[in-house]
Amino acid sequence: MKVTILQTDIEWGNPLGNIRQAERLMAMAPASDLYVLPEMWATGFATDPHGIAEDEASSVALRWMRRTASSRQCAICGSLAVSVSAPSPLYRNRHYFVDGRSASEVFYDKHHLFSYGHEDQFYTPGDSHTIVDFMGLRLLLLTCYDLRFPVWSRYADNLQFDAIVCVANWPESRQNAFQILTRARAIENQAYLVACNRVGDDHYCHYRGQSAIVSPIGKTLASCPSNRPAAVTAALDLERLNHVRQKFRVLDERD
């Protein structure tokens, strides 16, 4: 399965501008099976969603994900700041996985809200995992701050996956942690890890990007350059993954 990271320089509160940027980057890798966008890729990391978050039912960004995945016969994922009305009005940082091949979609609501940035004051956290079956691989969806919590993302009897897809707005000031944690989550779970970060600036932070696709042994298979938009692609090989897990059976001895 070919996966392409779309590392974008998000324009604050401008879904249409961010869609155009995503389309330009997708054109650089036209034959991928899965395209991964950053956290809140259509607006920027809006910890206060008022006036920024789209209504889920009429979201321009979500409608574009559906239309583009269908026309390209691929999958697209990334998180959006959305307001939802059922069962009661609230805001979610919702990581969508839109599969144009099967005309289906699922989502994961970010569980660990970033309290340091006051995300928890406005958004409602999710309380369950989401694993997507796509082209024979099981993909665990995570969002940014989730990456710091190994128990939440631990391969277990009731949480078995082949790859983690983590979308992020991870700032330069904590870039070292991003580099370490992506490799740690891949190694400890013997799983591929796809980490899509953004570049550029918002009202609060500077972002260097350095998005990467990491192998089950922690090797970097593909990485984006610092401080500029980019698209990079790597293949996730289930046969290779199974070989690693069978040869060095760490998961059999997990706690």
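The values are calculated or read from the model by the stated rules, or taken from the named source; none is laboratory data. For clarity, every value in this text was computed on a predicted model and none was experimentally measured. Cβ sites come from the backbone with ideal geometry, for glycine too, and all protein chains shown count toward neighbours. Quick note on the areas: whole protein, heavy atoms, side chains included, nothing else; ligands and nucleic acids left out. Shrake-Rupley method; radii C 1.70, N 1.55, O 1.52, S 1.80 Å.
Starting from the coordinates of the alpha-carbon atoms of the chain, obtain the Kirkwood hydrodynamic radius over all distinct pairs and give the value in Å to one decimal.
So the Kirkwood estimate lands at 18.0 Å.
Over segment 1-60, how many percent of alpha carbon pairs lie in each 5 Å bin up to the one with the longest distance?
4, 19, 26, 21, 16, 10, 4, 1
Could you compute the FRET efficiency for Cys205 and Glu23, with r as their C-beta to C-beta distance and R0 at 30 Å, rounded to 0.05?
The pair Cys205/Glu23 has a calculated efficiency of 0.75.
Using alpha carbon centroids, what distance separates segment 38-72 and segment 212-255, in Å?
28 Å
Around Gln73, with a cut-off of 10 angstrom between Cβ atoms, what is the net charge of the other residues, counting Lys and Arg +1 and Asp and Glu -1? Please report the intermediate quantities before stating the final value.
On the way: positive: Arg72, Arg101; negative: Asp33, Asp99.
Net local charge, Gln73 excluded: 0.
Just want to confirm a number: the relative contact order over the chain, from Cα pairs under 8 angstrom separated by 6+ residues, in percent. Present the calculation step by step, with values, prior to reporting the outcome.
Working: 595 pairs, mean separation 50.1, N = 255.
Averaging sequence separation for qualifying contacts and normalising by length gives 20 percent for the chain.
Calculate, in nm to one decimal, what Arg138 and Arg249 gain on full extension: separation in residues at 0.36 nm each, minus their alpha carbon distance.
My answer for the length gained is 38.1 nm.
Can you give me the relative contact order of segment 125-214 as a percent, contacts being Cα pairs under 8 Å and 6 or more apart? It would help to have the intermediate numbers written out before the result.
Values: 145 pairs, mean separation 21.9, N = 90.
24 percent.
Taking the chain as the reference, fit the longest principal axis to its C-alpha atoms, fit the long axis of helix 238-247 to the helix C-alpha atoms, and give the angle between the two in degrees, 0 to 90, nearest 10.
50 degrees
Using the Cβ atoms and a cut-off under 15 Å, what net charge is assigned to the surroundings of Thr220, where Lys and Arg are +1 and Asp and Glu are -1?
Once all neighbours under 15 Å are counted, the net charge is +3.
For segment 99-204, restrict the atom set to alpha-carbon positions and state the Rg and Dmax in Å.
Using the Cα atoms of segment 99-204, the pair Rg, Dmax is 14.3, 42 Å.
Provide the per residue accessible area, probe 1.4 Å, for the chain, rounded to a whole number of square angstrom.
43 Å²
What figure in square angstrom, to the nearest 10, would you give for the accessible area of Tyr123 with a 1.4 Å probe?
It works out to around 10 Å².
Return the FRET efficiency for the residue pair Asp48, Asn176: r is the Cβ-Cβ distance, R0 is 30 Å, and the value is rounded to the nearest 0.05. Mind dumping the intermediate values first?
Numbers: r = 28 Å, r/R0 = 0.92.
Working from the Cβ atoms, E equals 0.60.
For segment 85-137, what D do you get in µm² per second when you plug the Kirkwood radius from alpha-carbon pairs into Stokes-Einstein at 4 °C and 1.567 mPa s?
Working: Rh = 12.7 Å.
Once the numbers are plugged in, D ends up at 102 µm²/s.
Could you tally the net charge around Phe178, taking each other residue with its Cβ under 15 Å from the Cβ of Phe178, Lys/Arg +1 and Asp/Glu -1? Provide the component values of the computation, followed by the final result.
Working: positive: Arg148, Arg174, Arg183, Arg185, Arg198, Arg208; negative: Glu39, Asp146, Glu172.
Local charge sum for Phe178: +3.
Please go through segment 179-255 and write out the trypsin sites (Lys or Arg not before Pro) that DSSP classes as loop and that have at most 14 other C-beta atoms within 10 Å.
When the trypsin sites (Lys or Arg not before Pro) of segment 179-255 are filtered for loop state and at most 14 Cβ neighbours within 10 Å, Lys219, Arg249, Arg254 remain.
Kindly state, to the nearest 0.05, the FRET efficiency for Glu188 paired with Ser128, given R0 = 25 Å and r defined as their beta-carbon distance.
0.70
What number in nm² do you get for segment 175-236 if you take the convex hull of its Cα atoms and divide its surface by four?
On the way: hull surface 16.4 nm².
It is 4.1 nm².
What does the extension gain come out to for Thr220 and Arg154, with contour length at 0.36 nm per residue minus their alpha carbon separation?
21.7 nm
State to the nearest 20 debye the size of the charge dipole of the chain about its Cα centre, where the only charges are +1 on K and R beta carbons and -1 on D and E beta carbons.
In debye, rounded to 20, the chain gives about 760.
Helix-only estimate, please: 222 nm mean residue ellipticity of the chain, summing -39500 (n - 2.57) across DSSP H runs of length 4 or more and dividing by its residues, to the nearest 500. Intermediate results must be reported in sequence, preceding the final value.
On the way: 4 runs with 50 residues, N = 255.
When only DSSP H runs of four or more count, the value is -6000 deg cm²/dmol.
Report the per residue volume, in Å³, of the convex hull enclosing the C-alpha atoms of segment 28-71. Working shown, then result.
Working: hull volume 3.9 nm³, N = 44.
Roughly 89 Å³ of hull volume per residue.
Restricting things to alpha carbons, tell me how big segment 210-255 is in terms of Rg and Dmax, in Å.
That works out to 14.0, 41 Å for Rg and Dmax.
Thinking of segment 1-151 as a set of Cα atoms, what percent of all their pairs are more than 22 Å apart?
Values: 4191 of 11325 pairs.
Across segment 1-151, Cα pairs with separations above 22 Å total 37 percent.
Considering only protein heavy atoms and a probe of 1.4 Å, how much of the accessible area of the chain is carbon and sulfur, as a whole percent?
51 percent
Once the Cα atoms of helix 60-72 and of the chain are each reduced to a long axis, what angle between those two axes, in degrees from 0 to 90 to the nearest 10, is obtained?
With both axes taken from Cα atoms, the answer is about 50 degrees.
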